[in-house]
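The values are calculated or read from the model by the stated rules, or taken from the named source; none is laboratory data. Just so it is clear, the model here is predicted, and its values are computed rather than measured. Glycine also receives a Cβ, built like all others from the backbone with ideal geometry; neighbour counts cover every protein chain displayed. For the accessible areas, the whole protein counts, side chains as well, though only heavy atoms, and no ligand, DNA or RNA atoms are used. Shrake-Rupley method; radii C 1.70, N 1.55, O 1.52, S 1.80 Å.
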Amino acid sequence: MEADFPTRLRECRKKAGLNQEDAARQIGIAHSTYRRYEQGGTVPDLLTASKLAHFFEVSLDFLAGRTDQPT
């Protein structure tokens, strides 16, 4: 079963040992925005999704749940 974006994002953050506020700060987005991404309330635009993938060193396909291979 493939995971959805919020689940993958949360898993990446936890694996990095960060809380939501620290992850958001390091990525350069508002904490409230990051929280909504993890809660599934909104999805990032392509540029932000790319930043997230780069920061967590995974592919966009992995974050989107299209593959189980992180890179």
So what is the orientation-averaged projected area of region 1-52, using the convex hull of its C-alpha atoms, in nm²?
3.5
Along the charge dipole of the chain, Cβ charges K/R +1 and D/E -1, which of 54, 41, 23 sits furthest on the positive end?
23
Tell me the per residue accessible area of the chain using a 1.4 Å probe; a whole number in Å² is fine.
64
Relative to the Cα centre, what is the charge dipole magnitude of region 23-69, using +1 at the beta carbon of each Lys and Arg, -1 at the beta carbon of each Asp and Glu, and rounding to the nearest 20 debye?
220
Whole-percent carbon and sulfur share, accessible surface of the chain, 1.4 Å:
48
Suppose the chain between residue 50 and residue 3 were pulled fully straight at 0.36 nm per residue; how much longer would it get relative to their current alpha carbon spacing?
15.1 nm
In nm, to one decimal, how far is the residue 30 label point from the residue 67 one, both placed 7 Å along Cα→Cβ?
3.4
Order the peptides 52-63, 30-41 from the highest to the lowest mean number of other Cβ atoms within 10 Å of their residues.
52-63, 30-41
